[in-house]
1. If you check A144, A167, A135, A207, which single one turns out to be part of a strand (DSSP E or B) and within 30 Å of E66 (Cβ to Cβ)?
2. Looking at segment 140-178 only, could you name the residues that are touching a helix residue (DSSP H, G or I) at 6+ places or on another chain (Cβ under 7 Å) and of a type in the set (S, T, Y)?
3. In this structure, does P75 turn out to be at pLDDT below 70 and either assigned to a helix (DSSP H, G or I) or not hydrophobic (A, V, I, L, M, F, W, C) (or both)?
4. How about segment 15-37: which of its residues are modelled with pLDDT of 85 or more and exposed (fewer than 13 other Cβ atoms within 10 Å of the Cβ)?
5. Can you spot a residue in segment 207-216 that is among the hydroxyl-bearing types (S, T, Y), surrounded by 14 or more Cβ atoms within 10 Å (Cβ to Cβ) and within 24 Å of G59 (Cα to Cα)?
6. I'm trying to understand the selection: among the residues of segment 136-154, which are at pLDDT below 80 and closer than 13 Å to V222 by Cβ?
7. For segment 143-152, state whether one or more residues are within 30 Å of V58 (Cβ to Cβ) and free of Cβ contacts under 8 Å to residues at least 60 places away in the same chain.
Amino acid sequence: MKSEAGGRLIEELMRFKPDGLTANGWAVSAGVSRTIWADLRRHGNPSRRTLERLLAAVGSSLAEFEALRVGEAPPPGPIGNALADRGLGWRGAALASIPVLATSVTGEWGERGSQIDVHSIDRAKVEGQADRPTALAGDRDAYAVTVAGQSMWPRFRAGRRLLVSPAVAVEVGADVLVELKGDRLLIGELVGRSEAGIELRQFNPDATFAVVAGEIEAIHKVMGEAI
């Protein structure tokens, strides 16, 4: 007989499974029996320790797992039945805030008349904290920066805080933060990408810029403005 609670728990756990591992491979890497999935389907009652091991093996935690359930309707029946530890419950944990890193405009990039603002970032200096949306509940490396120039106005005004995720895949058409060598940043819309580098668009004035691959340390997705 299948357990409805166990099936639901498996679906939620699979959000955390790395792409390069099978479910059984994940269990083995966590030091958990491969029968965990069959046991869950039948009984739906893993121990708290089993869940902690599975999540720790992929760099997560029970608190992050619970956080993803914030805002979801509770399942029918006593939620505590999904765990052997019936006192645990599934009340959503408060989401940890996101650090706002110190940023400032330190120069311009591009040809005269169509430059894009270059920001600098001080990762050792946290200027404040921003609320974490549920979409970034499991992204421990998410951070926020403050827009200090006018190159992305009116999309992003100076003084607004932008949420940035190193974990979310970046696609053409997305707003991105490009880390250059020397702790410099460019913020713009990604309009082209190749092995040679990227094309980045700003809005004020409207212009595109080529950034060669050798200058780029990382490209992170801008998830939107912090509330």
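The values are calculated or read from the model by the stated rules, or taken from the named source; none is laboratory data. Small disclaimer: the values here were computed from a predicted structure and weren't measured. Every residue, glycine among them, receives a Cβ derived from its backbone with ideal geometry; neighbour counts consider all protein chains shown.
1. Working: A167 fails: part of a strand (DSSP E or B); A135 fails: part of a strand (DSSP E or B); A207 fails: within 30 Å of E66 (Cβ to Cβ).
One residue alone meets the criteria, A144.
2. Of everything in segment 140-178, just one residue is touching a helix residue (DSSP H, G or I) at 6+ places or on another chain (Cβ under 7 Å) and of a type in the set (S, T, Y), namely S165.
3. Criteria met by P75.
4. Listed by number, the list holds a single entry, T22.
5. no
6. M152
7. Taking every residue of segment 143-152 in turn, at least one turns out to be within 30 Å of V58 (Cβ to Cβ) and free of Cβ contacts under 8 Å to residues at least 60 places away in the same chain.
Condition check ((1) part of a helix (DSSP H, G or I); (2) of a type in the set (A, V, I, L, M); (3) out of contact with any strand residue (DSSP E or B) (no Cβ under 9 Å at 6 or more places or on another chain)) across all residues:
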position	(1), (2), (3)
G6	yes, no, yes
D19	no, no, yes
A27	yes, yes, yes
V32	no, yes, yes
G44	no, no, yes
T50	yes, no, yes
L55	yes, yes, yes
A63	yes, yes, yes
